[in-house]
Amino acid sequence: MASLQERNGSFRVLFCYHSKLHTFAIGQVEKDEAENKAPQVDYLLKRLK
């Protein structure tokens, strides 16, 4: 399951894939835009499996 982390006004997505933690930066976006990204990552991870 993907989750969000906010640091200094910038967001990043955290997720596990093959038992390893991965992250990618979204950047300085509105909170609602960042919150919409986590479900998209979950969807893509399900499609990979």
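Read the figures in this text as sums done on the coordinates, not as results from a lab. All values derive from a computational prediction rather than experimental measurement. Neighbour counts run over all protein chains shown; Cβ positions are idealised from the backbone, glycine included.
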Item to check | Net charge of Cβ neighbours under 14 Å - reference ALA25; Lys, Arg +1; Asp, Glu -1 | outcome: +1
Item to check | Label-point separation, MET1 to ASP42 (7 Å along Cα→Cβ), nm | outcome: 0.7
Checklist entry - Using Cα-only point scatterers and the Debye equation, what is log10 of I(q)/I(0) for the chain at each q in 0.23, 0.25 Å⁻¹, rounded to two decimals? => result -0.78, -0.89
